[in-house]
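First up is the structure itself, then whatever we jot down about it.
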Amino acid sequence: MIAAIFGMVWASGASAADAPAPPSVPNQLLVQADGLYERWTVERSWGTGLMVDVLTEVSTRMALEYPSAEPLVIGDISRRGGGQIDGHMTHRTGEDADIGIYFRGGRQSHGGFVNVDPDELDCDATFGLIRALLDTGTVEYILLDQVLIDRLRSYALADLGLDPELVASMFPAEGTATWRMWGYVRHADNHRNHLHIHVGDPQVRKGS
């Protein structure tokens, strides 16, 4: 079920332009919230205040709009204070997080992320998750495998009947200069089993 999806506002500049940028230090713990999300480990559940706010807001929205779906599975964010963690090139500053993809029936993969085939993907819930993330206005980009991006793009156009320009802005074609963009999904290898999100302040990006 896509609930209230057409009424959501793309918050590309919701914060005050002169607001100071939050420090990129993972000093806030994402506490366990039963019914909203499940964390992998406490040790790797530290993020910036912005990241924790985004995950809390999005998981709450998903629980309201998709009550029959399982709570989100939140993988690695960062360790307290930041720095390198095993298995990642990023996840050092609390601005990156891994989130489980929905299988058919709104199921999440517990105990570790599992690759999802396009035919097994719950397009409705996964598209709703992506839309909720982008609607925050503070998710700069989302990484996902191209085969799943293609499936979601087709779903948005054929099943939801969304405007092609809107869909193209969410899922830009290969070769698009995404460094000029904010709030989109692009391909990355080894991301067929989860979403990788990166958060930031669009006003800081705009002024840089």
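Details
- Simple label model, 7 Å out from Cα along Cβ direction - D34 to Q84, nm: 3.9
- The string of couplings for segment 121-138 from the Karplus curve (6.51, -1.76, 1.60, θ = phi - 60°) is 6, 7, 4, 4, 6, 5, 5, x, 5, 4, 4, 4, 5, 5, 5, 5, x, 10 Hz, one whole number per residue in order, with x for Gly and Pro.
- Ranking A158, I130, G75 by how far each Cα lies toward the positive end of the dipole of the chain (charges on Cβ) leaves G75 at the top.
- For the chain, the share of DSSP beta bridges that are antiparallel, to the nearest 5, is 70%.
- Max mean-square fluctuation residue, GNM over the chain, Cα-Cα springs under 10 Å, options T126, T176, T56: T176
- Cα-based shape type of segment 152-208, given that a ≥ b ≥ c are square roots of the gyration tensor eigenvalues and the cut on a/c is 1.5: oblate
- Shape call, segment 41-117: gyration tensor on alpha carbons, a/c limit 1.5: oblate
- Which of F171, F113 has the fewest Cβ neighbours within 10 Å, and the rest in rising order: F113, F171
- Backbone HN-Hα couplings from phi across segment 36-41 [Karplus 6.51/-1.76/1.60, Hz, Gly and Pro as x]: 9, 7, 10, 9, 6, 9
- Relative contact order, percent, the chain [alpha-carbon distance under 8 Å, six or more residues apart]: 23
- Computed from backbone phi, the HN-Hα couplings of segment 194-203 come to 6, 8, 10, 10, 10, 10, x, 9, x, 5 Hz, rounded to whole numbers (Karplus: 6.51 cos²θ - 1.76 cosθ + 1.60, θ = phi - 60°; Gly and Pro given as x).
- Length released on extending from H187 to D159, taking residue separation times 0.36 nm less the Cα-Cα span: 7.9 nm
- Maximal additional length on extending the W179-D150 stretch stands at 8.4 nm, based on 0.36 nm per residue less the C-alpha distance.
- Segment 26-132: GluC sites (Glu not before Pro) falling in loop per DSSP and having at most 13 other Cβ within 10 Å: E43
- Cα gyration tensor category, rounded, prolate or oblate, for the chain with a/c compared to 1.5: rounded
- Which of L133, L157, L152 has the fewest Cβ neighbours within 10 Å, and the rest in rising order: L157, L152, L133
Coordinate-derived values only; no laboratory data. In this text the structure is predicted, and so the values were computed from the model without any measurement. A quick note on method: Cβ atoms are made from the backbone with ideal geometry, for glycine too, and the neighbour counts reach across all protein chains shown.
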